[in-house]
Structure formats: structure tokens, C-alpha cells
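In what follows, a single structure is set out as C-alpha cells and then discussed.
Coordinate-derived values only; no laboratory data. Quick caveat, the model's predicted, so the values are computed rather than measured. Here the Cβ positions follow ideal geometry from the backbone for every residue, glycine too, while neighbour counts run over all protein chains shown.
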Amino acid sequence: MTSVGPPPEGVRILGIDPGTAATGYGVVLRSPTGSVTLIECGVVRTSASEPLPTRIREIYDAIVGLIARHRPAAVSVEDVFHGKNAQSALKLGHARGAILLAAAHHDLIIAEYAPRQIKKAVVGTGNATKDQVGFMVQQQLRLKEIPTPADAADGVAAALCHCLIGSFPR
């Protein structure tokens, strides 16, 4: 987990890159002027030796903890990548369900973006590599380093995508 000082006023967005082994997340603050600041990013890791229901509960509990700590206005979640095999997509769907449930229990706005849509918003092309996404997150948020691991950078990218193309109440 990386933390970056107290933020000015604005709207907090929790971005999430779901996974059953590693769920990346990023919390950003969008100021009233539209500038975006990274508040925190990291990864929720679960053990492959644990049963899937236990891992899903761990993801749910971690997301609830992030929501309680940061009080985001919205949760931006990467949608299922359809090119994966059916078993991977199903497991990813379980993780997404836990994330969506945590956000819904807190009456948060939920925005879902396809992986290509996030890459296009952050990098400029839907075919961007993980390295390109990390680099552009670093550049756009004026960070000293690329958020690591890549799952954390992807979570930040999901939040940044919502800041760039999502709708905000006036």
C-alpha cells in the first residue's frame, strides 16, 4: 500500500482491477478544477491455497475497509475481459461480484469500464501494454515512480478513467 499525504477538497474515486489472487486498487481525488491526485494504491492478495469462498470474502472485506477509510463517491471497476478462458472469467466474475456488492451496500455510484476503454482513456489506445498504462498513470498524476505492482497501477488507471470520461454530479 502506498499513501500520499492529506488531500484538498474534491471527489474521491476508488478504482479497482479485480482478481481472485490479486485485486489492484487506487484511490484518487478529483478536485473541483478537474486536477487528479493519488491518495493511495495497493493490492489485495489472497492465497491460492484457500477455498474460493474464503478468498472472495477476503476481497469483500478489504474493499469494505477501503470504502470505510476513504469514503469514495464512486467505485470504478474494470469489467471482465472476454478473451480469457471460461474458468478464468468465472473466477474473475466472483471477485467482481464481491466488489460490486461492497459498493452497493454503501450506496456508492458504480461505474464499470472495459479494459480497452480504461487503456484508451489513460494511454490513448485500447491496445496499451501494462507497462504503458503504468507509465501514463505516473505521468498524468505526476508521480515520482510508477505504482507497483502492475495490478495497483491498473486500479489507479480504473479510477483515473472515471475521472477522465465518467460523469460527475454538479
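Observations, loosely collected:
- Within-14-Å neighbourhood charge of Q117 [Cβ basis; K, R +1; D, E -1]: -2
- Considering only GluC sites (Glu not before Pro) in DSSP loops that have at most 11 other Cβ atoms within 10 Å, the longest stretch of the chain without any of them is 10-144.
- Separation of alpha-carbon centers, the range 59-75 and the range 82-146, rounded to whole Å: 16
- Compared with the dominant principal axis of the Cα atoms in the chain, helix 52-70 is inclined by about 20°.
- Once the Cα atoms are used to define both axes, helix 150-165 deviates from the longest principal axis of the chain by about 50 degrees.
- Virtual spin-label span in nm between Q132 and Q117, 7 Å along Cα→Cβ: 2.0
- Entry note: the range 1-154 has Rg to Rh equal to 0.95, where both radii use alpha-carbon atoms and Rh is the Kirkwood radius.
- Length gained when the stretch A86-T148 is fully extended (0.36 nm per residue, less Cα-Cα span): 19.5 nm
- Three principal axis lengths of the range 66-170 [C-alpha, angstrom, descending]: 39, 34, 24
- For the range 18-29, putting each phi into the Karplus relation 6.51 cos²θ - 1.76 cosθ + 1.60 with θ = phi - 60° gives couplings of x, x, 7, 8, 9, 10, x, 9, x, 10, 10, 10 Hz, in residue order, rounded to whole numbers and with x for Gly and Pro.
- Ordering D151, D61, D107 by the number of other Cβ atoms within 10 Å of each residue's own Cβ, fewest first, gives D107, D61, D151.
- For the range 125-139, 3J(HN,Hα) computed residue by residue from phi via the Karplus equation (6.51, -1.76, 1.60; θ = phi - 60°) reads 9, x, 9, 5, 7, 4, 4, 5, 4, x, 4, 5, 4, 4, 5 Hz, glycine and proline entered as x.
- Modelled spin-label separation between E50 and H106, with each label point placed 7 Å from Cα along the Cα-to-Cβ direction: 1.9 nm.
- Of all beta bridges that DSSP places with both ends in the range 1-153, some 65 percent have antiparallel geometry.
- Calculated [θ] (222 nm, deg cm²/dmol) that DSSP helices of n ≥ 4 give over the chain, each run adding -39,500 (n - 2.57): -14500 deg cm²/dmol
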